[in-house]
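Step one of this worksheet: look at the structure below.
The values are calculated or read from the model by the stated rules, or taken from the named source; none is laboratory data. Just so you know, these numbers come straight off a predicted model, no measurement behind them. All Cβ positions, even for glycine, are placed from backbone atoms using ideal geometry, and neighbour counts span all protein chains on display. In case anyone asks, the SASA skips ligands and DNA or RNA and just uses the protein heavy atoms, side chains included. Shrake-Rupley method; radii C 1.70, N 1.55, O 1.52, S 1.80 Å.
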Amino acid sequence: MEEMSFEYWNKLADQIIVISSLLGGFSIAVIANLLVSNANTRLAKNIMKSAVLAASFFLVSVFAMTKVLMMTTNGFPLEVTEGDFKISSLVGGIAIILGIMSLLTLIALSGWTKSKQMGKFTTVVGILTFILIVLMLT
């Protein structure tokens, strides 16, 4: 297997930071809306949990990938090898996948707040979206 160049790692980290930032902001907006709502059902609590997990995972991804981005930028003051940021890139990659899964759980659960029919629809959409994302990542 060929090693990836620092330039590639830099661009990859940059893209993951942008994606995680946007999805994390969306997740935080959902949390804020749930905090001001009066819904106190088991479903609302599960939606809140998935939103909090999504936001947390996306934040971890942003900071892990920021470390990778900084270490792979020309002019970084220390000598760097790929092994130096391997853990950060692994944590960032796992965190964005878990964040996406949490966000898809939020999407799947959201329809159940309206009706059984809408709940089935959003669950199917969440599952299909997950399958398509996995296919695009492999």
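Some values worked out for this structure:
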| read-out | value |
| --- | --- |
| Flag if N38 is among the polar types (S, T, N, Q), open to solvent by 30 Å² or more (accessible area, probe 1.4 Å), in contact with a Phe, Trp or Tyr (Cβ under 9 Å, 6 or more places away or on another chain) and in a loop (DSSP other than H, G, I, E, B) | no |
| Subset of region 1-46 [among the β-branched types (V, I, T) and within 30 Å of K86 (Cβ to Cβ)] | I16, I17, V18, I19, I28 |
| Residue list for region 1-54, filter: of a type in the set (A, V, I, L, M, F, W, C), closer than 20 Å to L90 by Cβ and in contact with a Leu (Cβ under 7 Å, 6 or more places away or on another chain) | A13, I17, L23, A54 |
| Test: residue in region 7-15 that is among the small types (G, A, S), within 30 Å of T72 (Cβ to Cβ) and open to solvent by less than 80 Å² (accessible area, probe 1.4 Å) | yes |
| Filter pass, L128 being open to solvent by 80 Å² or more (accessible area, probe 1.4 Å) and either β-branched (V, I, T) or part of a helix (DSSP H, G or I) (or both) | yes |
| Filter result (aliphatic (A, V, I, L, M), open to solvent by less than 50 Å² (accessible area, probe 1.4 Å) and assigned to a helix (DSSP H, G or I)) within region 75-125 | A95, I96, I100, L103, L104, L106, A108, L109 |
| Subset tally (residues that are among the hydroxyl-bearing types (S, T, Y) and either in contact with a strand residue (DSSP E or B) (Cβ under 9 Å, 6 or more places away or on another chain) or open to solvent by 60 Å² or more (accessible area, probe 1.4 Å) (or both)) for region 41-55 | 1 |
| Failed criterion for T73 (all others in (1) closer than 21 Å to G24 by Cα; (2) in contact (Cβ under 8 Å) with a residue 40 or more places away in the chain hold) | (1) |
